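The values are calculated or read from the model by the stated rules, or taken from the named source; none is laboratory data. Because the structure is a prediction, the values reported are computed rather than measured. Cβ coordinates were reconstructed from backbone atoms using ideal geometry, including for glycine residues, and neighbour counts include every protein chain displayed. What goes into the accessible areas is simple: the full protein's heavy atoms, side chains included, and nothing from ligands, DNA or RNA. Shrake-Rupley method; radii C 1.70, N 1.55, O 1.52, S 1.80 Å.
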Amino acid sequence: MTRNAPSTDKPLVQFDQVTYQHYGKPTPALLDVNLTVRRGSFTLLVGPSGSGKSTLCMLLNGIIPQILGGKLNGKVTVDGQDISKIPVQELAKSTGMLFQDPEWMFATLKVEDEVAFGPENLRRNPTEILESVEQSLNYVGMEHLRKNLVWALSGGQTQKLGLASVIAMGTPLIVLDEPTANLDPATTHSVHELILRLRGEGRSIVLVTKDLDEFMAEADDMILLDKGRVIAQGAPRDVINTYGNKILELGVWLPETTEIGLRLKAEGKLKKDVPITVEEAVDVFANARFKPSRPSENTERKETVLIHAEDVEFTYGNKFKALRGVSFDIRQGELVAIVGQNGAGKSTLSKLLVGLQKPTHGEITMFGRKARQWKVQDLATQIALVFQNPEHQFLCDTVREELEYSLLAQGIDDRIIINQRVKNMLERLEISETSDSHPFSLSAGAKRRLGVATMLIAGSARLLIVDEPTYGQDRRLTESLMELINNLRQEGITILMITHDMRLVDAHIDRAIVMANGQKIFDGGPDKLFQSPELLQRASLRATTLRRLVDGLRERDILVPDGLNTVADFVGAMQ
Amino acid sequence: MSEHSLRYIDNGSFFTRIDALSKLIWVLLVIIATFQLGSNEARGIMLAFIVLIILLFARVPLKTIWQAMPIILIMGTLLFIVNILTVKSTSFITIAGYTVGEQGYDRGLEFFLRITIMVLASFLFIWTTDIRDLMTGLVHIGMPYRYAFSIFLALRFLPIVQQEVDAVKAAHAIRGRASYSPIRHRFRLWQRYMFTVIVNGLRKAENTALAIESRGFGAYPDRTYTKSFRWTKTGFFLIIIFIAFAAWLIYWERFLRA
């Protein structure tokens with residue numbers, strides 16, 4: 001645990017009556033915002049999708065309004081400088097910013113050049129820059145990769161390089177906008193540790209994240225935004241105790257331990273403060289009593305095998321072996337997750353399942369036919385894949401045309417049937433009002449739903465593969481997508497999810513296939529998976545806070561039943 | 001794992017270690033020399049020379065060259081066919097059972113060889129040059145760094161755009177084909193590749209622009225460099241040897257060839 005450097009009361013960032021409207025938008029993105037970020041403090045910025053978090057971040061380094069334009073009223077100062085009067089490049093001496101997708105932040109080819117890029121722009125002495133490059137790379141543990149090409153880095157290394165590049169600028173303020181959105185849990189944890197270490201060294205950190213588990217207890221301040229307004233600001237514990245239920249209502253992810261506390265408090269069953277960390281929760285619930293385990297409701301083994309993979313290997317043209325002897329079955333009606341570290345072979349496996357690649361060794365049998373006998377287009381009638389970026393799969397100029405295209409591609413050309421099915425699907429996914437909109441103009445959640453709709457509207461798909469269902473989505477959008485997925489499952493569609501989200505895995509799936517370095521290292525239920533620390537470590541996974549709470553209670557000899565996979569399960573099992 | 005053909009290969013080869021400006025001058029000299037050559041035999045020798053450098057001195061993997069070939073072959077073959085069909089010929093020859101005009105064939109081959117030599121030399125430059133070295137080189141000879149950097153960024157993002165195209169192609173493949181004609185379907189796909197890649201490209205280019213500005217790019221009229229540009233002796237020799245080779249080739253085809 002990193003020791004907190006004392007934050008001072010001197011403000012580093014000050015927002016006075018700030019209202020900002022993006023160019024061409026009818027309503028303001030930020031409204032009457034007053035806030036302060038103290039020097040040396042660690043501030044969490046939370047809120048649902050579209051609440052104004054990224055806009056606020058871009059005000060901190062002057063991108064707004066200087067580059068993106070728009071209308072700014074009120075005053076924002078960073079390190080005593082008015083951000084609307086000092087050029088963005090000058091503000092780079094005060095604010096370092098790590099963007100959501102650092103790959104696009106990189107301006108050079110090699111790791112060491114990338115870290116040097118910012119200080120070089122500020123005309124620092126080359127000798128000093130080289131020292132700072134070395135220090136920054138050491139800081140993030142990438143010294144050995146300094147000569148590597150930036151595009152050859154893994155997802156986690158890319159994030160760490162982004163962080164090193166920001167650290168090397170030596171700014172008093174570091175702004176991090178969702179730095180771990182697409183990382184495996186263990187890499188996320190290591191990036192979190194780095195952030196805490198930076199704060200420990202006196203830098204001011206503003207962090208936007210949906211992954212609050214590890215930060216709520218560490219942060220000095222928490223700012224809650226909704227529809228551009230600051231709903232609450234203060235110490236995280238105070239904000240949670242006062243606005244916890246409001247935060248949940250807004251669709252923000254909170255640690256499961258906190259959610260349990262909030263629910264119990266709302267029911268009048270908790271008199272103490274809402275716990276934030278696992279340790280606090282173990283203390284709070286140390287005297288709790290639980291109902292005995294209920295027999296599992298659904299233990300029947302599903303027998304109809306849709307996909308059978310036997311000793312599958314896949315090697316890319318550059319000799320990179322992405323899959324090594326992977327065998328598994330996917331049965332009718334299951335909800336299976338493929339999990340594992342970044343680069344473990346999950347996406348390659350999904351490409352093999354939809355026929356975009358063929359195994360270089362071994363065999364996959366799909367619906368009774370071998371993979372090599374399937375054409376991609378034919379297989380698409382049986383297996384639907386929803387890409388992580390749904391924009392990639394859109395082909396038409398309106399949502400309606402997009403759905404019609406899918407039907408036409410399946411040979412359904414009766415205009416009456418097409419109109420009926422499109423209408424039904426639009427209503428079912430609650431996107432009817434956007435039927436004439438361009439697919440690219442939809443919100444992130446609606447794009448995801450349209451992605452699912454385009455793949456399922458023909459009604460012939462038996463297996464749905466969803467790549468990272470929670471990526472870029474807040475809690476409400478994720479829950480709505482999972483509701484859709486669960487409904488599809490009820491209708492008999494088998495679901496395969498590729499995900500890093502352990503909470504999702506624990507709450508929804510029957511079975512997890514765990515991948516590490518191209519090999520399958522586990523195939524079983526979530527209970528077994530989360531009971532094996534070695535396995536989790538090998539696959540760069542982490543148990544959910546709920547699982548760690550249950551383990552902590554059991555270590556204190558409290559009888560906690562099996563099968564508590566969600567907050568609702570836990571609260572429901574308490575006597 | 002990316003397998004794209006047009007990107008820097010940091011293999012420490014002899015050609016990789018030559019400074020970027022000498023290589024750039026070499027590419028320009030290759031283009032000038034190619035236009036000075038008057039026979040397809042001489043162009044063939046020039047092509048062999050370039051291929052020899054690619055294989056022996058740059059050690060570019062055959063697979064990478066193979067992956068880049070469609071670009072060269074499509075451009076070269078199109079020019080070849082257009083010339084065969086459009087150039088008026090007075091004599092005719094038979095190739096693989098087809099009778100074609102001799103002058104059209106010669107002109108077609110000339111264009112094919114020219115384009116192949118020039119494109120391969122340019123590819124060799126991309127395969128063996130860390131574009132940052134080119135940028136510092138251009139700044140070294142007086143180009144404002146903002147302009148030098150724009151060339152650099154364009155080449156820096158080429159592999160990422162290729163990845164984007166691949167992702168879009170894969171996604172479209174599994175959508176299947178609506179009951180349009182194959183040509184209409186193909187047209188629609190291309191239209192959509194372009195749309196998606198341009199929209200995402202612009203979006204990402206905007207993000208990149210924001211990111212580099214926020215890292216102080218353009219704060220001052222100049223900037224410091226941790227790696228400064230240095231002319232290399234090998235670069236000097238490359239230029240001298242190539243000039244000698246090209247001069248000999250021109251002399252050979254004009255005076256020695258029967």
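Considering the dipole of the range A:115-217 built from charges on the beta carbon (Lys and Arg +1, Asp and Glu -1) around the Cα centre, which of A:ILE205, A:GLN157, A:LEU145 is farthest to its positive end?
With unit charges placed on the Cβ atoms, the residue in question is A:LEU145.
Separation of the range A:76-95 and the range A:323-342 by C-alpha centroid, Å?
50 Å
Size of the dipole of the range A:324-479 about the Cα centre, Lys and Arg at +1 and Asp and Glu at -1 on the beta carbon, nothing else charged, in debye to 20?
Dipole magnitude for the range A:324-479 comes out near 680 debye.
What is the distance, in nm, between label points placed 7 Å from the Cα along the Cα-to-Cβ direction at A:TYR471 and at A:ALA288?
Computed distance between label sites A:TYR471 and A:ALA288 equals 3.4 nm.
Could you sort A:12-23, B:199-210 so that the peptide with the highest average Cβ count within 10 Å comes first and the rest follow in order? Intermediate results must be reported in sequence, preceding the final value.
Details: A:12-23: 18.7, B:199-210: 15.7.
Taking the mean over residues of other Cβ atoms within 10 Å, the ranking is A:12-23, B:199-210.
Sorting check: for A:255-263, A:77-85, A:502-510, which peptide has the highest mean count of neighbouring beta carbons within 10 Å, and how do the rest follow?
Details: A:255-263: 25.0, A:77-85: 16.8, A:502-510: 21.7.
Highest to lowest by the protection proxy: A:255-263, A:502-510, A:77-85.
Enter the buried accessible area of the B/A pair, total of both sides, probe 1.4 Å, in Å² rounded to the nearest 100.
6100 Å²
When you look at the Cβ of every residue in A:105-116, what mean number of other chain Cβ atoms sits within 10 Å? List each step's numbers first, then the result.
On the way: counts 7, 6, 11, 8, 12, 5, 0, 2, 5, 2, 1, 5.
Partner-chain Cβ atoms within 10 Å, mean over residues of A:105-116: 5.
Residues with beta-carbon under 11 Å from that of A:LYS147, excluding A:LYS147: net charge, scoring Lys, Arg +1 and Asp, Glu -1?
Net local charge, A:LYS147 excluded: -3.
For the range A:1-133, what is the relative contact order in percent, using Cα pairs closer than 8 Å and at least 6 residues apart in sequence?
22 percent
Among residues other than A:LYS265 whose Cβ falls under 15 Å from its Cβ, what is the net charge (Lys/Arg +1, Asp/Glu -1)? Walk me through the numbers on the way to the answer.
Working: positive: A:ARG237, A:LYS246, A:ARG263, A:LYS269, A:LYS271, A:LYS272; negative: A:ASP238, A:GLU249, A:GLU256, A:GLU259, A:GLU267, A:ASP273, A:GLU280.
Surrounding charge for A:LYS265 is -1.
What angle do you read, to the nearest 10 degrees and between 0 and 90, between the alpha-carbon axis of helix A:185-200 and the longest principal axis of chain A?
10 degrees
Determine, from the Cβ-Cβ distance of A:VAL571 and A:HIS144 and an R0 of 56 Å, the FRET efficiency 1/(1 + (r/R0)^6), rounded to the nearest 0.05.
FRET efficiency, A:VAL571 to A:HIS144: 0.75.
Over chain A, what is the percentage of antiparallel beta bridges among all DSSP beta bridges, to the nearest 5?
Details: 41 of 76 bridges.
Antiparallel bridges make up about 55 percent of those DSSP assigns within chain A.
Mind checking the mean number of beta-carbon atoms from other chains within 10 Å of the Cβ atoms in A:95-103? Please report the intermediate quantities before stating the final value.
Details: counts 1, 3, 4, 1, 5, 1, 3, 1, 5.
What the average comes to for A:95-103 is 3.
Helix A:111-121 sits at what angle to the longest principal axis of chain A, using alpha carbons and giving 0 to 90 degrees rounded to 10?
It is inclined by approximately 30 degrees.
Please give the Cα centre distance for the range A:532-557 versus the range A:400-452, rounded to the nearest Å.
42 Å
If you roll a 1.4 Å probe over the heavy atoms of the protein chains, what accessible area per residue do you get for chain B, in Å²?
In whole numbers, chain B has 51 Å² accessible per residue.
How large is ³J(HN,Hα) for each residue in the range B:67-75, as worked out from phi by the Karplus curve 6.51 cos²θ - 1.76 cosθ + 1.60 (θ = phi - 60°), to whole Hz, x for Gly and Pro?
5, 7, 4, x, 4, 5, 5, 5, 5
Just which residues of the range A:309-327 lose 40 Å² or more accessible area with every protein chain there, against their chain alone, with the probe set to 1.4 Å?
The answer is A:TYR316, A:GLY317, A:ASN318 - residues whose exposure falls by at least 40 Å² when every protein chain is included.
What percentage of the solvent-accessible surface of the range A:464-566, computed with a 1.4 Å probe over protein heavy atoms, is contributed by carbon and sulfur atoms? Intermediate values should be presented prior to the final figure.
Details: 1720 of 4010 Å².
It is 43 percent, rounded to a whole number.
Order the peptides B:63-75, A:420-432 from the highest to the lowest mean number of other Cβ atoms within 10 Å of their residues.
Output ranking for B:63-75, A:420-432: A:420-432, B:63-75.
Taking a 1.4 Å probe, which of B:ILE32, A:ILE64 shows the most accessible area, and what order do the others take after it?
Details: B:ILE32 100, A:ILE64 0 Å².
Result of the area sort, largest leading: B:ILE32, A:ILE64.
May I ask you to rank A:TRP104, B:TRP231, B:TRP252 by accessible area, largest first, using a 1.4 Å probe over the protein chains only?
So the residues, ranked largest to smallest area, are B:TRP231, B:TRP252, A:TRP104.
Can you pull the accessible area of B:PHE157 for me, 1.4 Å probe, Å² to the nearest 10?
B:PHE157 has an accessible surface of roughly 30 Å² with all protein chains in place.
Angle check, please: helix A:256-266 long axis (alpha carbons) against the longest principal axis of chain A (alpha carbons), in degrees 0 to 90, nearest 10.
For A:256-266 against chain A, the angle is about 80 degrees.
Can you spot the lysines whose alpha carbon is less than 19 Å from B:LYS227's alpha carbon? Ignore those fewer than 8 places along the same chain.
Straight-line reach from B:LYS227, under 19 Å: A:LYS110, A:LYS147, B:LYS23.
If you count, for every residue in B:220-233, the Cβ atoms of partner chains within 10 Å of its Cβ, what is the mean? List each step's numbers first, then the result.
Values: counts 5, 1, 1, 7, 12, 5, 15, 7, 1, 0, 0, 0, 0, 0.
Neighbouring Cβ atoms belonging to other protein chains average 4 per residue here.
What do you reckon, how do B:SER228, B:SER22 stack up by accessible area (1.4 Å probe), largest on top?
These residues rank, largest area first, as B:SER228, B:SER22.
Just from its helices, what would the mean residue ellipticity at 222 nm be for chain A, if runs of 4 or more DSSP H residues each count -39500 (n - 2.57) and the sum is divided by every residue, rounded to the nearest 500 deg cm²/dmol?
Taken over chain A, the calculation gives -10500 deg cm²/dmol.
What whole number of Å gives the distance from the Cα centroid of the range B:67-110 to the Cα centroid of the range A:212-287?
Using only Cα atoms, the two centres lie 74 Å from each other.
Show me, for the range B:227-234, the HN-Hα J-couplings you get by feeding each phi into the Karplus relation (A = 6.51, B = -1.76, C = 1.60, θ = phi - 60°), rounded to Hz, glycine and proline as x.
Using θ = phi - 60°, the values come out as 10, 8, 7, 9, 5, 10, 5, 4 Hz.
Of the DSSP beta bridges with both residues in the range A:113-264, give the percent that are antiparallel, rounding to the nearest 5.
50 percent
Just the accessible area per residue of chain A, please: how many Å² with a 1.4 Å probe?
39 Å²
Could I have the simple spin-label model distance between A:ASP82 and B:PHE236, label points 7 Å from Cα toward Cβ, reported in nm to one decimal?
So the label points at A:ASP82 and B:PHE236 sit 5.6 nm apart.
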